[in-house]
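One structure is given below, encoded as structure tokens.
The values are calculated or read from the model by the stated rules, or taken from the named source; none is laboratory data. Small disclaimer: the values here were computed from a predicted structure and weren't measured. Reconstructed Cβ throughout: ideal geometry from the backbone, glycine too, with neighbour counts over all protein chains shown. Only protein heavy atoms, including side chains, enter the accessible area calculation; ligands, DNA and RNA are left aside. Shrake-Rupley method; radii C 1.70, N 1.55, O 1.52, S 1.80 Å.
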Amino acid sequence: MVFKVEIERKKCTSCGNCVDECPEYFEIDEDGFSHLKGSERVGDNDELELEDGDCSIDAAMGCPVVCIHVYEDGEEIS
Ligand code: SF4
């Protein structure tokens, strides 16, 4: 199974919830917006492939502006 996590960084309000929920993968970058550690920047978004969705699903559910998306084998699950 392949998981992909994506942040639409333009929508991020820098609230910090994702970092609290999932510090393993999320941090606030120098520009003040959420960043996926070790991710690829694709346009305005961060994208990261994982073997396990793990706490990124909690981070997605806790994002007040729904700008974190988690895909499992290409299908959005959160
Ligand atoms: S929870 Fe959402 S809005 Fe808040 S810092 Fe993370 S990505 Fe940005």
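Specify the residue that is modelled with the lowest pLDDT; the eligible residues are those in segment 60-78 that are within 18 Å of R9 (Cβ to Cβ) and among the small types (G, A, S).
My answer is S78.
Output the number of the condition that E27 fails; it satisfies all remaining conditions of (1) of a type outside the set (S, T, Y); (2) free of Cβ contacts under 8 Å to residues at least 24 places away in the same chain; (3) within 13 Å of the ligand (Cβ to nearest atom); (4) part of a loop (DSSP other than H, G, I, E, B).
For E27, the failing item is (4).
Counting only residues that are touching a helix residue (DSSP H, G or I) at 6+ places or on another chain (Cβ under 9 Å) and within 11 Å of the ligand (Cβ to nearest atom), which one in segment 30-44 is farthest from S78 (Cα to Cα)?
Ranking the qualifying residues of segment 30-44, first place goes to F33.
Just give me the residues in segment 44-78 being in a strand (DSSP E or B), open to solvent by 30 Å² or more (accessible area, probe 1.4 Å) and not polar (S, T, N, Q), in sequence order.
Passing the criteria: E47, E49, Y71, E72, E75, E76.
Can you pull out every residue in segment 1-24 that is over 15 Å from I77 (Cα atoms) and in a loop (DSSP other than H, G, I, E, B)?
Matches in segment 1-24: C12, T13, S14, C15, G16, C22, P23, E24.
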